[in-house]
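Written out below as structure tokens is the structure these notes cover.
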Amino acid sequence: MLKRGLNSVHPATGALFHIIFILYTILCIVPIFLVVAVSFSDELTVVANGYQFIPEKFSTYAYEFLFKDSTQILRSYGVTILVTATGTLLGVSMMAMYAYPLSRNDLPFRGPLAFFVFFTMLFNGGLVSFYLVYVRFLGLKNSLWALILPLLVAPFFILVMRTFFKNIPSELIEAAKIDGAGEFRIAGTVIFPLSVPILATVALFTVLNYWNDWFMSLLFISDDKKVSLQYLMYKTMLNIQYLTSNTQAAQGIAQGGSAVELPSETVRMAMCVVGIGPIVFAYPFFQRYFVKGLLIGAIKG
Amino acid sequence: MLARIRAGGIYSTHLDAKRVNGLAYGQSTKWRKLLKFWPLYLMMLPTIVLLLINNYLPIAGLIIAFKNVNYVDGVFGSPWNGLNNFKFLFSTRDAWIITRNTLLYNAVFIASNIIVALIFALMLNELRSRWLPKFYQASMFFPFFLSMVVVSYLVFAFLSKGNGFVNNNLLPFFGMEPISWYQEPKYWPFILPLINIWKNAGYYTVFFVASMVTISHEYYEAAVIDGASKWQQAIRITLPQLMPLVTVLTLLQIGRIFYADFGLFYQVPLNSGAIYSTTNVIDTYVYRALLTLGDFGMSSAAAFYQSVVGFVLVFLSNYIVRKLDRENALF
């Protein structure tokens, strides 16, 4: 009993901590439930009594409406998946191929080459000139490359990777060289296979960056065919009509006159649910890798 | 004996050859050495090109802040304008408002994130259950994974004037009138910091918990022998051990105090004009001046102002971090 007093907090204190954490946990998750609940509610009850955690009258009409013509949603999913996959694959390869030579102690000019990356963390040209480079100089307005290129390389990840590569014994590289392996072979068959943990971590964070990005679309995309999932959600929030302006459902409403109302409140929230679905489902499986990744990053600071 | 002479002989002729080639020697081996590394440089090439486009070309583009950009002459052909763009910018009230908002919000964010996360981390550290702390951590970390667009939906679900949960359920419960949240500037200095904590505190908590694991157990064992309570251990051991990390983290964030979280200030207030006075920051100002108004003069002047002051702050904070703890400095 006496030992408990020193090695653990008082049971009452422990209980209080649990209560605080349970309340905060609820606070973190519950807003999602509100959105889901509204999306499954009947439009009329929502308009009458506002958003409720428990639907007064259950209805899947918002989803039926949304998927009556799902062209735009499917297309947006396609854009997001394409951009995320291409960006992550290209980005992780490029960062690893920059970080590995930097980690080599015998590489001439590795100091200036490291500074070349550092400097981008210290100073940047600001939004206006960045925008002009992409739109005027590269002519990438309304190109998917404008969604991919800006997020390809993160200086911080290059530094984290370099630290990881440095810890791989240089004897392995020497041995491979004696066996007659070239630099590409050494990187591809010795270094990178040994670095799967760091590569996977960086890939995971890069996937998240691409999946959640809407800012590049806000800057560069005006073509409906290239609207990503996040950007579609943004546009739906601003103007629910956007989602329906060119769909059969909207035409149906137009032809039916005012008899059929656009269920805007519930459809808006249903759009949000359709948009965050993959993140919510993937989160329980991937969150521990993010925590691990954070640990690897924390070693560097 | 013979072998040694022979070895010596070979050695000396080698030296002679080196001396004969003397003049050209240094140059050619340097090139040969660089040439030997060509595959490594080739690997680095794609990133070099990309950083030139993404980061270095825009730096050159900062000069447009001193130009009077017009469509006829193009961006770089436009006439010089001296400091006129800056004169216009700083003669508006906006310049003061966006500077004040950016600095104050970021100061509150830095302090609140670190304090809340430290308290949570210390509390998590004391829980004896095996899987509950992991569950709490995972739930607290969750908002960090949502995009600001999603966050704007969640906030809207609570604060929407007509249907929002707060106006329909919470306020009537306390007998209060509904509030037009997206029209009233005075509430946002409280709403935005709360959302910031909600979104980011979990991230920093996980970060602190991770570094608590690295504190040596011997400190705690010695403390227990001396009869220190859990509270004393937390205050006298855990907190001081975390202080270097907290200091570095704070300084690095102060270095970025001139850069605001664009999503939080643009998406969450739904770009509502009525509340610009408490939601407009440098980043949103530059964006709106550029893409809504098409005003290259104002936006490039504000972007230049942010880049330069931002650079000075990042440089200073890193300089201090470097003095305190070399390992954690950026340069």
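General remarks:
- Which numbered condition residue A:115 misses (of (1) within 12 Å of chain B (Cβ to nearest Cβ); (2) not in a helix (DSSP H, G or I)): (2)
- Qualifying residue in region A:54-63 (condition: of a type in the set (Val, Ile, Thr), over 23 Å from the mean Cα position of the chain (by Cα) and closer than 30 Å to residue B:285 by Cα): no
- Against the list (1) more than 10 Å from chain A (Cβ to nearest Cβ); (2) closer than 15 Å to residue B:114 by Cα; (3) among the hydroxyl-bearing types (Ser, Thr, Tyr), the condition residue B:182 fails is (2).
- Any hit, region A:24-32, residues being touching a residue at least 60 places away in the same chain (Cβ under 8 Å) and crowded, with 19+ Cβ neighbours inside 10 Å: yes
- When A:23, A:34 are checked against the criterion of being more than 24 Å from the chain's Cα centre (by Cα), within 11 Å of another protein chain (Cβ to nearest Cβ) and modelled with pLDDT of 85 or more, a single residue qualifies: A:23.
- Taking region A:61-95 as the range and being of a type in the set (Ser, Thr, Tyr) and modelled with pLDDT under 85 as the test, the residues that pass are A:61, A:70, A:71.
- Residues being β-branched (Val, Ile, Thr), in contact (Cβ under 8 Å) with a residue 24 or more places away in the chain and closer than 20 Å to residue B:105 by Cβ are entirely absent from region B:202-221.
- Boolean, residue B:200 is of a type in the set (S, T, N, Q) and either under 28 Å from residue A:50 (Cα atoms) or loosely packed, with under 15 Cβ neighbours inside 10 Å (or both): no
- Filtering B:139, B:180 for residues that are farther than 19 Å from residue A:27 by Cβ and small (Gly, Ala, Ser) leaves a single hit, B:180.
- Only a single item in (1) in a helix (DSSP H, G or I); (2) within 14 Å of another protein chain (Cβ to nearest Cβ) is not met by residue B:87, and it is number (2).
- When residue A:186 is tested against (1) more than 11 Å from chain B (Cβ to nearest Cβ); (2) closer than 25 Å to residue A:203 by Cα; (3) more than 26 Å from the chain's Cα centre (by Cα), exactly one condition is not met: (1).
- From A:104, A:136, residue being facing chain B (nearest Cβ under 8 Å), charged (D, E, K, R) and out of contact with any Ser or Thr (no Cβ under 9 Å at 6 or more places or on another chain): A:136
- Of all residues in region B:133-150 being among the aromatic types (Phe, Trp, Tyr) and more than 7 Å from every other protein chain (Cβ to nearest Cβ), the one that is nearest to residue A:16 (Cα to Cα): B:135
- Residue tally, condition touching a helix residue (DSSP H, G or I) at 6+ places or on another chain (Cβ under 8 Å) and either in contact (Cβ under 8 Å) with a residue 24 or more places away in the chain or over 19 Å from residue B:43 (Cα atoms) (or both), over region A:174-190: 1
- Scope region A:175-192; condition within 19 Å of residue B:38 (Cβ to Cβ) and among the charged types (D, E, K, R); matching residues: A:177, A:183, A:185
- Of all residues making up region B:107-132, the number that are within 13 Å of chain A (Cβ to nearest Cβ), in contact (Cβ under 8 Å) with a residue 24 or more places away in the chain and under 27 Å from residue B:256 (Cα atoms): 5
- Filtered residues of region A:139-150 (kept if of a type outside the set (A, V, I, L, M, F, W, C), more than 10 Å from chain B (Cβ to nearest Cβ) and surrounded by 15 or more Cβ atoms within 10 Å (Cβ to Cβ)): A:141, A:143
- As a summary of the residue check, residue A:80 satisfies the conditions (1) β-branched (Val, Ile, Thr); (2) surrounded by 19 or more Cβ atoms within 10 Å (Cβ to Cβ); (3) more than 30 Å from residue B:290 (Cβ to Cβ) except for the one numbered (3).
- Of all residues in region A:158-178, those that are buried (at least 16 other Cβ atoms within 10 Å of the Cβ) and either assigned to a loop (DSSP other than H, G, I, E, B) or away from chain B (no Cβ under 11 Å) (or both) total 7.
- Answer from A:153, A:128 - the residue that is crowded, with 22+ Cβ neighbours inside 10 Å and outside any helix (DSSP H, G or I): A:153
- Within region A:37-49, the set of residues being loosely packed, with under 14 Cβ neighbours inside 10 Å and either at pLDDT 85 or above or in contact with a helix residue (DSSP H, G or I) (Cβ under 9 Å, 6 or more places away or on another chain) (or both) comprises A:49 only.
- Reported count of residues in region A:40-66, each being of a type in the set (Ser, Thr, Tyr) and either touching a strand residue (DSSP E or B) at 6+ places or on another chain (Cβ under 9 Å) or within 10 Å of chain B (Cβ to nearest Cβ) (or both), is 3.
- Any hit, region B:305-313, residues being away from every other protein chain (no Cβ under 11 Å), in contact with a helix residue (DSSP H, G or I) (Cβ under 8 Å, 6 or more places away or on another chain) and either over 26 Å from residue B:188 (Cβ atoms) or not hydroxyl-bearing (Ser, Thr, Tyr) (or both): no
The values are calculated or read from the model by the stated rules, or taken from the named source; none is laboratory data. Note that this is a predicted model, so its numbers are computed, not measured. Ideal geometry is used to build each Cβ from the backbone, glycine not excepted, and the neighbour counts take in all protein chains shown.
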